[in-house]
Amino acid sequence: MAELRSELTKGGREFIVILMKKIGIAGATGLVGETLLRLLEASDYEITDLRLFASKRSAGTRIRFRDREIEVREVTAEGFEGLELAFFCLENELAREFVPEVARFCPVIDKSSEFRLAPEVPLVVPEVNPEALKGHKNIIANPNCTTIPLVVALYPLHQQFGLKEVFLATYQSVSGAGRAALEQFFYETEFIALRQKPDTGGSPFISQIADNVIPVIGSIDEHGVSSEEKKTVLESRKILGLPELKVNSTCVRVPVAVGHSLAVTCRFDRRVEPAEARNILNKAPGVVLKADSELATPAECRGKNDVYVSRVRQGATEYDLNLWICTDNLRKGAATNALQIAQRLLGE
């Protein structure tokens with residue numbers, strides 16, 4: 001594992017600096033992999049061996065990292081041999097094929113949904129359930145980009161009031177669907193600006209996304225529930241340790257480039273005062289609580305690593321609380337959370 005060294009900084013406070021020396025990133029050419037690379041590049045981590053991987057179609061790409069260029073390799077399990085940690089930012093099919101094999105060589109933090117609900121695989125948000133990492137078997141799942149901000153905001157409230165039920169509507173940006181989706185959005189937006197109808201042939205979306213909202217994300221089951229909605233329900237239960245938690249979820253794709261938003265009503269076992277809830281959220285790790293007169297928006301949270309909360313107010317009963325939550329889905333919703341998991345792993 002990576003070395004640890006401690007050093008004194010301002011005010012005599014001691015910090016532990018983690019030296020990630022040998023790491024690999026699968027999916028380095030995608031939006032999440034690219035964001036993870038930029039976070040690592042801007043960090044103080046000493047990385048002596050950085051290996052970048054992607055699917056066959058992206059292999060051969062050269063990516064600049066600090067003072068050098070690194071060629072992206074086609075992903076293979078053997079390519080990770082000798083590394084201390086691997087990040088996987090690939091689709092489910094490739095994760096299913098390679099993650100268990102790579103886990104023979106080093107711990108893998110996987111962003112796909114392939115292993116999230118497996119009983120033996122920790123599904124981790126460090127502000128909520130870091131203890132889940134104990135006894136891991138070299139595969140750690142990074143949750144869905146909507147589930148992460150939801151549980152970061154709800155967990156401290158649950159500790160005080162006892163979470164009973166959640167009513168959730170999401171407003172998810174197009175970057176959550178990948179680079180091709182983001183390019184389609186920009187393409188369509190140009191047509192809308194010229195007051196012309198965009199061409200949606202070949203779009204990754206089922207409908208026009210610019211100047212529109214699409215009230216379904218992922219596939220629909222026989223009950224009319226989308227795969228994205230299932231993720232918010234099942235992942236929240238696992239992370240919070242509440243297997244019977246009722247989560248009413250509607251997930252919507254909106255014409256925003258980066259930044260997911262959530263309109264949430266929480267129902268608790270005990271009466272909740274908005275002022276007390278605001279005080280709890282103001283102290284909660286990973287949360288930025290906006291003042292009563294201020295709003296959290298996707299544009300504001302873009303490029304930042306926290307979960308932003310505003311419009312904290314009483315619901316229909318004294319047991320209900322309404323929240324508006326925003327986060328950068330490529331950062332805290334994906335890459336930042338994975339990096340925080342890595343810090344916990346290497347810190348062990």
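Only bridges with both residues in the stretch 280-334 count here: give the DSSP antiparallel percent, nearest 5.
On the way: 5 of 8 bridges.
If I count the DSSP bridges inside the stretch 280-334, around 60 percent turn out antiparallel.
Does the chain classify as rounded, prolate or oblate by the C-alpha gyration tensor (a ≥ b ≥ c root eigenvalues; a/c under 1.5 gives rounded; else a/b over b/c gives prolate, otherwise oblate)?
Because a/c hits 1.5 or more and a/b fails to exceed b/c, the chain counts as oblate.
With only Lys, Arg, Asp and Glu charged, each at its Cβ (+1 for the first two, -1 for the last two), find how big the charge dipole of the chain is about the Cα centre; round to the nearest 20 debye.
Here the size comes out at about 420 debye.
For the stretch 47-123, which GluC sites (Glu not before Pro) are in a loop by DSSP, counting at most 14 other Cβ atoms within 10 Å? Don't skip to the end; give the middle numbers.
Numbers: sites: E69, E71, E74, E78, E81, E84, E91, E93, E97, E101, E114, E120; in loops: E81, E84, E91, E114, E120.
Counting only loop positions with at most 14 other Cβ atoms within 10 Å, the GluC sites (Glu not before Pro) in the stretch 47-123 are E81, E120.
Could you work out how much longer the chain between T76 and I220 gets when fully extended? Use 0.36 nm per residue separation minus the Cα distance between them, nm to one decimal.
Extending this stretch completely gives an extra 48.6 nm.
Using the number of other C-beta atoms within 10 angstrom as an exposure proxy, rank C106, C251, C266 with the fewest first.
Result, fewest neighbours first: C106, C266, C251.
Points 7 angstrom from Cα along the Cβ direction at T189 and E273: gap in nanometres?
Spacing of the two 7 Å Cα→Cβ label points: 4.4 nm.
Pop the C-beta distance of E69 and K246 into the FRET formula with R0 = 56 Å and round what comes out to the nearest 0.05.
0.65
Indicate, rounded to the nearest 5 percent, the antiparallel portion of the DSSP beta bridges found entirely in the chain.
50
If you plug each phi of the stretch 280-297 into the Karplus form 6.51 cos²θ - 1.76 cosθ + 1.60 with θ = phi - 60°, what whole-Hz ³J(HN,Hα) values come out, in order, with x for Gly and Pro?
So the Karplus estimates, Gly and Pro as x, are 5, 5, 5, 9, 6, x, x, 10, 10, 8, 7, 5, 3, 8, 10, 10, 8, 9 Hz.
Name the residues whose placed amide hydrogens come within less than 5 Å of the amide hydrogen of Y45, ignoring near sequence neighbours (fewer than 5 apart) on the same chain.
The answer is none.
Can you list the residues, at least 5 places off or on another chain, whose amide H is less than 5 Å from the amide H of R313, using H built in the peptide plane?
N322
Can you give the extra length, in nm with one decimal, that the chain gains between S43 and S227 once fully stretched, where that is 0.36 nm per residue apart less the Cα-Cα distance? Present the calculation step by step, with values, prior to reporting the outcome.
Working: separation 184, 0.36 × 184 = 66.24 nm, distance 3.48 nm.
Between S43 and S227, full extension yields an extra 62.8 nm.
For T232, T317, T327, T189, what ranking results if the residue with the fewest other Cβ atoms within 10 Å of its Cβ goes first?
So the residues, fewest neighbours to most, are T317, T189, T232, T327.
Please give the residues of the stretch 54-84, grouped as numeric ranges, whose backbone N is less than 17 Å from a label point set 7 Å along the Cα-to-Cβ vector of E101.
It comes to 54-59, 73-83, nothing else.
Using a basic spin-label model with each label point 7 Å from the Cα along Cα→Cβ, how many nm lie between L295 and E131?
4.0
Subtract the Cα-Cα distance of E165 and L117 from 0.36 nm times their separation in residues, and report this length gain in nm to one decimal.
Between E165 and L117, full extension yields 15.2 nm more.
Where a number appears in this text, it was derived from the coordinates with a stated rule and is not lab data. Because the structure is predicted, anything quoted here is derived from the model rather than measured. Glycine also receives a Cβ, built like all others from the backbone with ideal geometry; neighbour counts cover every protein chain displayed.
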